[in-house]
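What follows is calculated from the coordinates using simple rules that are stated; it is not laboratory data. All of these numbers come straight from a predicted model, not from anything done at the bench. Reconstructed Cβ throughout: ideal geometry from the backbone, glycine too, with neighbour counts over all protein chains shown.
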Amino acid sequence: MPAMAEDHNRSQHRQRVLKGATIITGVTNSEVKCTVRNMHSKGAELKVPIEARVPDEFLLYVPIDGIGYKAVVRWRREDRMGVEFVGTEPKPRWHYG
């Protein structure tokens, strides 16, 4: 039930999706594979490997969308995190996806 309570506090309903994505971090462009679980124009919930070290700000590249979302972490729980989108970038040229 806690997830439902969180949904009531949201300003936008998040659409359930299942998209592969990559968290791109830092100057060395290190990558962490993740799954987008739900999403709307202002943010998303991600499932990440529990051992992954993810900074508070990163580029979330979603190949199926062809967009890099500039993301800021708003909450973290075990292997899940909620992010707010603060902008977009085109697909990074060096990224293979």
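Side notes on the structure shown:
- Residue pairs whose Cβ atoms lie under 6 Å apart, separated by 6 or more positions or on different chains, with the first residue in the range 49-76 and assigned to a strand (DSSP E or B) and the second among the hydroxyl-bearing types (Ser, Thr, Tyr), are Phe58/Thr25; Leu60/Tyr69; Tyr61/Thr22; Ile67/Thr88; Gly68/Tyr61; Tyr69/Thr88.
- Qualifying positions in the range 15-48 - farther than 16 Å from Lys91 by Cα, of a type outside the set (A, V, I, L, M, F, W, C) and free of Cβ contacts under 8 Å to residues at least 24 places away in the same chain: Arg16, Thr28, Thr35
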